[in-house]
1. Restricted to Cα positions, what overall size does the protein assembly as shown have along the principal axes? Three whole-Å values, descending.
2. Can you compute 3J(HN,Hα) from phi for each residue in the stretch B:270-281, using the Karplus curve 6.51 cos²θ - 1.76 cosθ + 1.60 with θ = phi - 60°, rounded to whole Hz and x for Gly and Pro?
3. Ignoring everything but the protein chains, give the 1.4 Å probe accessible area of A:Arg32 in square angstrom, nearest 10.
4. Give the shape of the stretch B:22-64 as rounded, prolate or oblate, defined through the alpha-carbon gyration tensor: a ≥ b ≥ c are the square roots of its eigenvalues, a/c under 1.5 means rounded, and otherwise the shape is prolate if a/b is larger than b/c and oblate if not.
5. Check the straight Cα-Cα distances from B:Lys74 and name the lysines below 25 Å, setting aside those fewer than 8 residues away within the same chain.
6. Can you give me the % of accessible surface on chain A that is carbon or sulfur? Probe 1.4 Å, all protein chains present, nothing else counted.
7. Would you please classify the overall shape of the stretch A:1-92 from the alpha carbon gyration tensor, given that a ≥ b ≥ c denote the square roots of the eigenvalues, rounded means a/c under 1.5, and beyond that prolate means a/b larger than b/c while oblate covers the rest?
8. Cut-off under 30 Å on the C-alpha distance; same-chain residues fewer than 8 positions from B:Lys316 excluded. Which lysines are left, in chain and number order?
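The values are calculated or read from the model by the stated rules, or taken from the named source; none is laboratory data. Everything numeric in this text was worked out from a predicted model, so none of it was measured. Note that each Cβ is placed from the backbone with ideal geometry, even for glycine, and that neighbours are counted across all protein chains shown. These area figures cover heavy atoms from the full protein model, side chains too; ligands, DNA and RNA do not enter into them. Shrake-Rupley method; radii C 1.70, N 1.55, O 1.52, S 1.80 Å.
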Amino acid sequence: MSIESCPIVLTVNGETVIENVEPRTTLVDFLRDSLGLTGTRTGCEHGVCGTCTVRVDGTIVRGCLMLAVQCDGARVETIEGVSDTGEIADLQENFRLRNALQCGFCTPGILLTAQELLSRGGMPDREAIRLHLSGNYCRCTGYQAIIDAVETTARQRTGTNS
Amino acid sequence: MTITPDSPSVLTALDRPNSYIGRSVPRPNLRRLTEGRGSYVSDTVLPRMLHVVFVRSPHAHARIRAIDTLAASKAPGVVAAFVGADLTEVMSPWVGVLTHLKGLKSAPQYPLAMERACWQGEAVCAIVARTRALAEDAAALVDVDYEELPAVADAETALDPQTPVIHPELGDNLTFERRVNAGDPDQGMRDAAEIVEATFVFGRHTGVCNEARAIVADWNAAEQRLTVYQGTQAPHMMQNLFAKHLGIAEQQVRVITKDVGGSFGVKVHAYADEMATVAIAKLLRRPVKFVADRLESFLTDIHARDHRVHGKIGVKKDGTITVFEIDDLTGIGPYSVYPRTSGIEANQVVNLTGSWYRCPNYRALARVVFQNKNVMCQYRAVGHPIATAVTEGLVDLAAARIGMDPVEIRRRNLIPDDGYPATAPSGIKFEKLSQEAALQKIVTMMRYDDLRAEQERLRKQGVYRGIGMTTFVEVTNPSPTFYGIGGARISAQDGVTMRLDGAGTVFCHTGVSEQGQGTEAVIAQVAASAFGVPISSVRVIMGDTDNTPYGGGTWASRAAGIAGEAAWQAGKALRANVLALAATILQAQPQSLDLRDGIVVDAASSRERMGLDEIARIAHFRPDTLPPGFQPELVATRHYVPRAWPFAFTNGVQASYLEVDVDTGFVKLLRHWCVEDCGTIINPLLVDEQVRGGIVQGIGAALYEHCVYDERGQLLNGNMADYLVPMASEMPDMDIGHVVTPTADSELGAKGAGEAGTAGAPGAVMNAINDALRPLGAKTLTEMPFTPGLILRAIGRI
Amino acid sequence: MKPAAFAYARARSVEHAISLLGEHQGDARLLAGGQSLIATLNMRLSSPSLLVDINRLPDLGAISVTAGIVEFGALVRHVQAEQSETVARYAPLIARAMPHIAHPAIRNRGTIGGSIAFADPAAELPACIVALGGELEIAGPHGRRSVSAEAFFKGMFETELGPHDLLTAIRVPAADAKTRAGFAELARRHGDYALTGLAACARATAGGLSDVHLAYFGVGTMPVRARNAEAALDAGDIENAVRAIATDLDPAGDLHASAELKSHLAGVLLRRVFRQLSEQPT
């Protein structure tokens, strides 16, 4: 029990990280400020906008609503990690072709959120895609291009014809 | 995937071989952004960088008796604390006026409040510390002794004699007033068979950029230079303002703008806290970072709209509109925002209302008043959604009154497509619009008659669907008459410098900037097409006042039309230079050659003669082999500014199809259409997504977004849980179509497309809701946002 | 927007958590899913001196059915309940409510116990538990006790939990073939807190419904049972039930809905939920 920094050991994008963190440091600030993983961003810091979405132990979480100290022993993945492994290369390419992003600030969070839906398999309909992304704010696109790009990826992955 | 580019067939000088113009080329910067490799100001870290946090007034209006920063100064990690007077040493105040908005007045504004705080959220004290968290810890220890003053919250009573005057030295709370009396409005009233009136209310809302305002200012005393990393839409404008108010030369200031997480007009103003950050960096001689948090953003990012418009329309039995009359009142906070002023939105409402109809009779009054709320200023589609909703709301009411179909009344009154050029009663000038063609196109796209039949059928089953339509015009490509003429140093022109490097690659430097619209792609497409190289050979450099031609930046839908034309001309000029060089090498006539896809060819036969890489090699490394006296010119710069017209007006039409749940008052958006005419379409995919994004912003205004203040000037919903932005689940799919009417003022012929969606959507949704509820005898809904409570009250359910 | 500093301790056991709370004299907070708490910390709306992280407590993360009772460990995440076949079958009301709660990333992390202990008057789960006549198991310095859901909720963010108590389990009667569940809410945007919501359950009888339980949320300081309306529905009279809402509920208006609107919507929801209760196959 300490107000001072606590040691944590975790894997981030497959690398083991050993750091000391203040208990009050959120996961997103830890990733950005301590590890320089600036692909994850803060949009509202109160859990509404979804911009800070990252994966912890395989599921997406709000990076602003989890403390870094809670991630001791966890497996954390960010947009940099899933880009380097190629896990979502097809989804990223479809976002690019469809111009499903403009300023790009929300995009990493949206990609990780969409990937969670896609990784369940099956062919989600547009409404299901919209529902799954209902907690990710994008001011630029009006969402339709995002839904299109996710739908296209789902179709390609499942071999479904349009 | 449904990419359905509605490509124009209009190709003139642009029809170069291998042209990228009119093609949905993916943006070159997108791979970087999808992989989290963007570089936003909020990501920026510099050596020795400090963080500043602001203590903000909790009161809408209060005298600052004293500020005690002693405890804060001693807190861990704190480097300095500043109050208003501390910053006046290095920074002068500013006043947000423009001389061409006659009578517009405002008071001096300082980086930190001096003796008074004039809105809830105004910064009164700055704490600088090693980290943001430590600065926040210390800020909590600052003790400000406030004497609360009466707040002017309601614009309606701001001019009453018993209301306190916010800036006594100005005499009253009237910021700006404009009147128009055109044609013969009284005769128009007399000629009308029916006069319909309504009061339209537009809620205050705000931009909610996903990346909040962010700035890192670095004063290097050894260089006597200020470098500012800022998420701004207008780097050169900010360079000028920082220099001017720090009392240094412009060349001592460099503004760098990399990726910007959304702007929408929010990031094109001088904000007091950002000016304070710069002043503090100068005082501390080291980098200082300020990133607004979300709660600060709601209190300090400019708000917009908040207009109350009484409107009247006169109409004959045959549908002829005989008169428009409006009385617009808007409260803009305690200061007119610098340097673009807060008079522009009301001015646009006056300029635009009714302007695309033939009716010559128009009376307008706009009054802009001070109040103790956050400042208001230009936000995407400035004034357009108001003018459009008022005009089109009145037209729909008139149609209903005389029993005419909404499409028909518009057909009868729009300025015909062969009726241009035209001047509207307010004085604005249209080069050429295509309202009739656009209306016809949307009617076909949406299968208007079928929808009407479906609506009728469903009504019998107790399902209330509505179809709402708006025609509109859009201000783009502003000329110097927008700001420059009023004394603001905001460049109306833009330049593009193209330089050929030793490998045959082209660097394209431009003063416009990118906040997601696709500026980088557009400039690359035009430059590649004009010059004659693959787009992969073009690299666009923007957002750096040290390294780009002086320019205006990206706002008012000007980047593609203005910098695009400059790129077109620069590309042609550099091509001429390269062909002259090639001709020398090949011993041919320059005019017999062309540059196509990076290869010099015989223009007539397309026979390949020489690669650009080889030409670049010779020019850079073996110019000794060229004839004596021949100097290859490997850089070309061209500028462009619109001159023939004050603005390149575009036009369009939108339609909304929705269903109102008459039990709950909830609105379900079923589909939305937009046909717009932005002239030459450089990249259909980018245009369509600009329009879609804009529509959803407009839908936000119509249904969700509202900065709710109480009577004491307190913002009640300044967070993302309570301020409702549009999210994916509730938004409709949108179909976009185009009519193409290039402007003859440039060779490229491109106009802007950024405002269209936001301009037309709120009115379309409003008209659709009223259309849905008309059979229920509902009171007409004219107050945005249309919440379930308002809708249920209108139909008497609560 | 960064939290004020606090200390952090990871509880090893329920008893350890309780003793840590005791040592801090009411200035410590339990950290479960954190989906509400950390937002309030970020905004500095609260600044405890200690967070006691209970996420790794063993044995609080399971859903089980025994002897006609469904038990949720307090640390069951929303997503677990959402995807659980057991919940779909034996606690269909909770299954119906789940998709309405916030968004996927929040449901991955938020816990059932946390939502109930936080007692937001606009939240779905407290109303579900009240409608189901559930029971909450509380561990405290003096041992464990069980409290009925209705006794558990005491006011706006107020519950039977004392400063040194920990909610350990939530129990609801397991559904059988005669059980009917209904759930509806009206939120401006999917996942928002509802303007008004209704969680309901009943027993199917030959002629209609009996034992109707109606728990509204977003209309008061805590979940509100609409007992007069329940009686009317037991008697099969939906019109009477809708009229009775006026006496059952006395909502206060808030930023998003006036009292009048909430009352009206409560009636609309009642009709919709009644239809759900009535239409389910027997």
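1. Ordered largest first, the protein assembly as shown gives principal extents of 100, 76, 70 Å.
2. After applying 6.51 cos²θ - 1.76 cosθ + 1.60, I find 8, 9, 4, 5, 6, 4, 4, 4, 5, 4, 5, 4 Hz.
3. 30
4. Working: a/c = 5.42, a/b = 2.04, b/c = 2.66.
Oblate, since a/c reaches 1.5 and b/c is not below a/b.
5. B:Lys282, B:Lys289, C:Lys2
6. On the way: 2280 of 4910 Å².
Whole-percent figure for carbon plus sulfur exposure: 46.
7. Working: a/c = 2.13, a/b = 1.38, b/c = 1.54.
Because a/c hits 1.5 or more and a/b fails to exceed b/c, the stretch A:1-92 counts as oblate.
8. B:Lys429, B:Lys432, B:Lys441, B:Lys779
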